[in-house]
Amino acid sequence: MPLVAPKSPLRAPRTVKRIDKLAMPQANTLVLDCNCWLDLLVFADPSVAALEKLLEGNQADAISCLSMRDELIRVLNRPSISKRCNPLAVMLNYDRLARLHPDPPSQRLQIACADPDDQMFLDLALTAKAPYLISKDRQLLGLAKTCSTRFGLHILSQSSVRFQWLCERWVAEGESEIHRPRLAPLGEATEHD
């Protein structure tokens, strides 16, 4: 049975958190496009093996929004994809690994992607001030220089040497200051107490 975005029992994932425009993102905050998520969760592409290790170990923060989640559900419903995976299991993994934000306002007036379907990735990255957008899409990759110069947003291919180097660096740094802080169980003191 295919997943249907509007009526899916997965429609209510982890709590959607409000984007705090004043909060600075962590150095390893990423927006992943739909193809990157497919390579990660369905195709086990070797170019995202280090990324998978980072996400599983909470060493990278993959942010997403409900529109991006719905897009992944639509793609998983395609017969060519759904025959290769269990869409429900894929979405459960997605919900476990992605941190959802509300759908961001359009940033088309600042910068527009030639493919309107890919605009949501730019919108979220710019609104959340994520330093990295990881994509295989030519239209998004074509905006890399402009986004880097104007917004400090680095659009990288998941197979690029630079992205692979970043993943290796983050893995090697282990529990350094760039990692998402782990929450202490209730009643336990933290370093900051």
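Once all protein chains are placed together, residue 149 keeps about 110 Å² accessible to a 1.4 angstrom probe. Would you mind calculating the relative contact order of region 34-94 from Cα pairs under 8 angstrom and at least 6 residues apart, reporting the percent as a whole number? Result for region 34-94 is 38 percent. For region 149-165, putting each phi into the Karplus relation 6.51 cos²θ - 1.76 cosθ + 1.60 with θ = phi - 60° gives couplings of 5, 7, 10, x, 9, 9, 9, 10, 6, 5, 9, 5, 4, 4, 5, 4, 5 Hz, in residue order, rounded to whole numbers and with x for Gly and Pro.
Close amide H contacts of residue 61 (hydrogens built in the peptide plane, cut-off under 5 Å, sequence separation of 5 or more or a different chain): 29, 30. Across region 127-137, rounded Karplus estimates of 3J(HN,Hα) from the backbone phi angles (6.51 cos²θ - 1.76 cosθ + 1.60, θ = phi - 60°) give 5, 7, 6, 5, x, 9, 10, 9, 8, 10, 6 Hz, Gly and Pro being marked x. Taking all protein chains together and a 1.4 Å probe, the residues 68, 120 rank 120, 68 from largest to smallest accessible area. For region 48-63, backbone phi angles converted through the Karplus equation (6.51, -1.76, 1.60; θ = phi - 60°) give residue-by-residue couplings of 10, 4, 5, 4, 4, 4, 5, 5, 5, x, 6, 9, 9, 10, 8, 9 Hz, Gly and Pro being listed as x.
Rolling a 1.4 Å probe over the protein heavy atoms gives region 28-80 an accessible area of 32 Å² per residue. Amide hydrogen proximity for residue 157: with H placed 1.01 Å from N in the peptide plane, the residues at 5 or more positions away or on another chain lying under 5 Å are 135.
The values are calculated or read from the model by the stated rules, or taken from the named source; none is laboratory data. All values derive from a computational prediction rather than experimental measurement. Calculation scope for accessible area: heavy atoms of the full protein, side chains included, ligands and nucleic acids excluded. Shrake-Rupley method; radii C 1.70, N 1.55, O 1.52, S 1.80 Å.
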